[in-house]
1. If you take Rg and Dmax of the Cα atoms in Å from the coordinates, which of (1) 23.0, 93; (2) 21.6, 87; (3) 19.9, 65 do you get?
2. Go from 0 up to the bin containing the longest alpha carbon distance in segment 69-151, width 5 Å each, and give me the % of pairs per bin.
3. Please give the length that would be gained between residue 85 and residue 72 if that part of the chain were fully extended, namely 0.36 nm times their separation in residues minus their C-alpha to C-alpha distance (nm, one decimal).
4. Order of 245, 44 from fewest to most other C-beta atoms within 10 Å?
5. Work out the FRET efficiency for residue 128 and residue 54 from their Cβ-Cβ distance, taking R0 = 30 Å, and round it to the nearest 0.05.
6. Nearest 500 deg cm²/dmol is fine: what mean residue ellipticity at 222 nm does the chain get from its DSSP H runs of n ≥ 4 alone, each adding -39,500 (n - 2.57), divided by its residue count?
7. Between residue 296 and residue 213, 0.36 nm times their residue separation minus their Cα-Cα distance comes to what?
8. Taking Rh as the Kirkwood radius computed over C-alpha pairs, what is the Stokes-Einstein D of segment 192-261 at 10 °C in a medium of viscosity 1.306 mPa s, expressed in µm² per second?
Amino acid sequence: MKRREFMAGLAGTAAWPLCARAQQRMPVIGFLSGRSQDEASGDTAAFHQGLNEMGYVGGRDLAVEYRWAEGRNELLPNLAADLVRRQVAVLAAVGGNNSALAAKRVTATIPIVFTSSADPVLVGLVASLSHPGGNVTGVSWFDAELGRKQLQLLNELIPNVTVVVLMVNPQSPEVAHQRETAEDAARELGSQLHVITASSVTEIDAALNTAKRQRANALMVSSDPFLHSRRKQIVALAAHHALPTISGGREWVAAGGLMSYGNSIPDAYRRAGLQTGRLLRGVKPADLPVDRSTRFELAINLKTASALGLAIPPTLLARADEVIE
C-alpha cells in the first residue's frame, strides 16, 4: 500500500468517530400534541418552517420525537414524561393548553414552548408575558377574547339573532374564560347565549341536537384542539340542522362552515418553531417573551351561505381575507 493511501485511510478512520459524535450531539426536539398526526399535518409543517427560518433543518441539524394524544387528554402526562426521560433539548407542547400543562408538571428544567389560544398567565403557564420566568414560553393569541367580535359578525350577517349557542369542551383549561367573555358580549348585543358541551364524538351529536331544541339562530364553536379536530363532523351536523356557524380558524370554512374569524393557526405554529429555534440558540425561556400572534383572518363560505338562504352583505365580503365559492 502506498504511503498516501495509508495516510488517507488513517484520516478516514479518525473522521468516522468524529462524525458519529457529531450525530450524537444533534439536539432532539420533543413534539407533544393533543391532536392527531394526520389532522395536524399542515400545522406541523408550519412549525418546521419556523425552525428552518432559524437555521434548523430536521434530520440535518436536529431530530424530532413526536408524541400524539389523538384527542385523548388523559394520555398527555405519560407522553410528556416519556419525552422528558429522553432528555430532549426543547419540548414543544402544542395542540392545546393541556399539552403544555402536562409538560410543565413533569419538568422544571427542560425548556417548553407552547401554543395557546388562552391567556397563558391566567391558565398558569407563565408568570407574565414579557418575563415568563421558569422554563416555559411560547405563542398565544387570546382566542377567548374574540367571542365578542364573532358575535358582532353574526349580528351583521343574520338580522335579529336572538339565540346563540356556544359549544365548548369542558376539559379545556380556558373554558371558564371563554364562557365569561362570550356571555358578556351576548348581553351587550342583546342576544341569549346558551352553552353546550362536548368532549367526545357522541357528545357532539347530542350537543347539536340540544342546540336545535333550544331554537338557536347560530352556533359559535370555541377554540379547542378536540373540537378543531372534529370540525368536519360539527360542520356536517350544523348543515343538517340549518345552523349558521362561526369558529376561530379558516380550516372550518374550508370544511364547509359558514364563517370564521380568528388567528391563523399555521402562523402560530410557525412562530412556535421560531421560539424553539431561539431556545436552541441559547436564549433562556425565562427571558424569552411570549409571542403575541396578531394575524387574524375573516373567511366566508358563499356556498354554505347560499344553502342557508343567507345573503352576505357587500361590506362584509369586502372585509373578508378569504371567500370560498
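1. (1)
2. 3, 16, 26, 23, 17, 9, 4, 2, 1, 0
3. Working: separation 13, 0.36 × 13 = 4.68 nm, distance 2.11 nm.
Computed gain between residue 85 and residue 72 is 2.6 nm.
4. Numbers: 245 28, 44 23.
The fewest-first ordering by Cβ neighbours comes to 44, 245.
5. Numbers: r = 24 Å, r/R0 = 0.80.
According to the calculation, E is roughly 0.80.
6. About -13000 deg cm²/dmol.
7. Details: separation 83, 0.36 × 83 = 29.88 nm, distance 3.28 nm.
Full extension of this stretch gives 26.6 nm more.
8. Numbers: Rh = 11.9 Å.
Answer, rounded: 134 µm²/s.
Each reported figure results from applying straightforward, stated rules to the coordinates on display, with no laboratory input. For clarity, every value in this text was computed on a predicted model and none was experimentally measured. Every residue, glycine as well, gets a Cβ built from its backbone with ideal geometry; the counts of neighbours run over all protein chains shown.
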